[in-house]
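S.K.: Take this structure first; my questions come after.
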Amino acid sequence: MPKISQEATEVIENAKLMFVATVRPDGTPNVSPKGSVRVLDPDHLIFMDIASPQTVENLRHQPAIEVNIVDFIARKGIRARGTAEILSPGEPDFEFVREWLWATHGDSQPCNHAVKIAVSEVAELLSPAYTVDHMSEPDVRKAWLGKYGLVEATS
């Protein structure tokens, strides 16, 4: 059964910024922002190493990885955990993400490695606004747009 649903795919494909967590060789955590996470297929995510030498080095020692994708206005998103594989230029999946990156961000973006993630778990991330306050998504969006000064805040 595929791990990445159509709903999760839409969240990932529409996200502008995600965060990847890895483990350093000394056991301490490392979190790095990413703007290139894509759905490769229902069981794999992929992103480009544009300027992530620490992330890649961590994955060479310990391939465990978690990606958090959050719609910061809706205050909900997806958490995906899995095992990473470092890909080099010329490999088909590397070329897939490089072509997307260059088409959307210009071909001057450096492409050092691609990181392919075999997803083992996907879970929804929800703000307490949903689980404690029982707000609807339109109300959460309106409240956060108000906090950013993009619409009149609700009282």
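S.K.: Mind checking which lysines have their Cα closer than 16 Å to the Cα of Lys3? Skip sequence neighbours fewer than 8 apart in that chain.
M.R.: Partners within reach: Lys116.
S.K.: Please compute the contact order of region 71-155 in relative form: average sequence separation of alpha-carbon pairs under 8 Å and at least six residues apart, divided by the residue count, as a percent. Spell out each step's value before the answer.
M.R.: Numbers: 99 pairs, mean separation 31.7, N = 85.
Taking the mean separation of contacting Cα pairs over the length of region 71-155, I get 37 percent.
S.K.: Compute the projected area of the convex hull of the Cα atoms of region 87-147, averaged over all viewing directions, and report it in nm² to one decimal place.
M.R.: Values: hull surface 28.7 nm².
Over all viewing directions, region 87-147 projects a mean Cα-hull area of 7.2 nm².
S.K.: Counting only heavy atoms of protein chains, what accessible area per residue, in Å², does the chain have with a probe of 1.4 Å?
M.R.: Working: 8670 Å² over 155 residues.
Value for the chain: 56 Å² per residue.
S.K.: Same structure, new question: Carbon-plus-sulfur fraction of the accessible area of the chain, 1.4 Å probe, in percent?
M.R.: Numbers: 4690 of 8670 Å².
The C+S portion of the solvent-accessible surface of the chain is 54 percent.
S.K.: While we're on this one: Let me spell out the model: positive unit charges on the Cβ of Lys and Arg, negative unit charges on the Cβ of Asp and Glu, origin at the Cα centre of region 41-155. What dipole size does that give, in debye rounded to 20? Please report the intermediate quantities before stating the final value.
M.R.: On the way: 10 positive and 18 negative charges, 92 e Å.
Dipole size: approximately 440 debye.
S.K.: Here's something else I'd like to know. Given an 8 Å cut-off on Cα distances and at least 6 residues of separation, report the relative contact order of the chain as a percent.
M.R.: Details: 292 pairs, mean separation 36.3, N = 155.
Reported relative contact order: 23 percent.
S.K.: Just to compare against my own numbers: the Cα pair-distance distribution for region 41-155, 10 Å bins, whole % per bin, please.
M.R.: 13, 31, 26, 22, 7, 0
S.K.: Be a star and scan region 121-151 for residues whose amide nitrogen sits under 14 Å from the point 7 Å along the Cα-to-Cβ vector of Phe19.
M.R.: Flagged as within label range: 125-127.
The values are calculated or read from the model by the stated rules, or taken from the named source; none is laboratory data. All values reported here derive from a predicted model rather than from experimental measurement. Positions of Cβ are generated from backbone atoms using ideal geometry, with glycine treated the same way; all protein chains shown enter the neighbour counts. Remember, those area values only see protein heavy atoms, side chains included, never the ligands or the DNA or RNA. Shrake-Rupley method; radii C 1.70, N 1.55, O 1.52, S 1.80 Å.
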